[in-house]
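**Student:** Just passing along the structure, written as structure tokens.
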Amino acid sequence: MLDLDTTFSALSDPTRRAILGRLALGEQTVMELAQPFDISQPAISKHLRVLESAGLIARRVEGAKRPCRLIEGGVEAIDQWLAMLRRALASNYDRLDEVLADMKPPKGRKKR
Amino acid sequence: MSKLTLKTEGDKYIVVTRRFAAPPEAVYRAHTDPKLVQKWLLGPEGWTMPVCICEAKPKGRIRYEWANGKGASFYLTGEFIELEPCQRIVHVERMHLPDVTPDNRVETRFEPDGTGTFMTMRMTLPDVETRTRMLSSGMEPGMEASYVRLERMI
């Protein structure tokens, strides 16, 4: 399990992190990306699909090639969403604490 | 002190945990009685839930409508799938922003923890398009103004 406050599950895999590291240097094709890794092109393509659906990379069509690039701010956007979810849940559950306290007021305390 | 934890499980799920001082019976009731749900399931400060339909039985309907009193509103619909009183709720929900988001299956468990409850909620991680729409739904921009209004009220 990963803590979503700082990161995201698509980043949990070391190969995917390495792919993002290489794409930080510029656009690359699947073949170029597969070169330094000891895994097949289909396996790399699978990782790229995960990164693409997570909104971290984008691919364009150039003839038979599909070069990949990083999406600017992709990681930050996920953090932003998770932060929003966390804030919404935190304030909901703080309110729920009060609702629960009111359901069974302790002795000596006035019911609100 | 934050009692809330929020983690991923694989690539597809978010797991949220939270402790409550009240026993599972009470926490379960606060999740299934519309009169109680309406008081706390609100998101950011400043929002209310004018409509709360929560039929806590298998295939029972869920409909929550939120408004911020300044013209912004959105709603959520869903259905209950499984209910184990005081222990577990499985339901499916979708947001209407106003376009409908993909179904989110949510499992909520309540376990006794001393005199209180340890709650675990497992939900589906929305895809990037849904996340973007949720971020731009207007829930967040209203927050700051709501806080200002709250301070004035106090």
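Every number in this text was worked out from the coordinates using simple rules, so none of it is lab data. Model, not experiment: these values are computed from the prediction. Here the Cβ positions follow ideal geometry from the backbone for every residue, glycine too, while neighbour counts run over all protein chains shown.
**Student:** Restricting things to Cα coordinates, could you compute the convex hull volume per residue of segment B:52-100 in Å³?
**Tutor:** 73
**Student:** Still on this structure: Quick check: Cα centre of segment B:7-31 to Cα centre of segment A:37-87, how many Å?
**Tutor:** Comparing the Cα centres of segment B:7-31 and segment A:37-87, I get a distance of 30 Å.
**Student:** Based on the inverse mean of 1/r over its pairs of different Cα atoms, what is the Kirkwood hydrodynamic radius of segment A:9-103, in Å? Walk me through the numbers on the way to the answer.
**Tutor:** Values: mean 1/r = 0.0649 Å⁻¹.
Kirkwood hydrodynamic radius for segment A:9-103: 15.4 Å.
**Student:** Taking a cut-off of 16 Å, what percent of all Cα-Cα pairs in segment B:83-132 are separated by more than that?
**Tutor:** In whole percent, the share of Cα-Cα pairs in segment B:83-132 beyond 16 Å is 51.
**Student:** Tally Lys and Arg at +1 and Asp and Glu at -1 over the other residues with C-beta under 9 Å from the C-beta of B:GLN87: what net charge comes out? All intermediate terms of the calculation are to be shown ahead of the outcome.
**Tutor:** Values: positive: B:ARG88, B:ARG109; negative: B:GLU84, B:GLU111.
Counting the neighbours of B:GLN87, the net charge comes to 0.
**Student:** Compute the Cα gyration tensor for segment B:30-135, then decide on rounded, prolate or oblate, letting a ≥ b ≥ c be the square roots of its eigenvalues: rounded whenever a/c is under 1.5, prolate when a/b is larger than b/c in the other cases, and oblate in all that remain.
**Tutor:** Prolate.
**Student:** Modelled label-to-label distance, A:GLN41 and B:ARG19, 7 Å Cα→beta-carbon offset: nm?
**Tutor:** Spacing of the two 7 Å Cα→Cβ label points: 5.5 nm.
**Student:** Another one. Find out how many positive minus negative residues lie around A:PRO67, taking Lys and Arg as positive, Asp and Glu as negative, among other residues whose Cβ is under 9 Å from that of A:PRO67.
**Tutor:** Neighbour charge sum, excluding A:PRO67 itself: +2.
**Student:** What's the exposure ranking of A:SER91, A:SER53, A:SER40, going from fewest to most Cβ atoms within 10 Å?
**Tutor:** The fewest-first ordering by Cβ neighbours comes to A:SER40, A:SER53, A:SER91.
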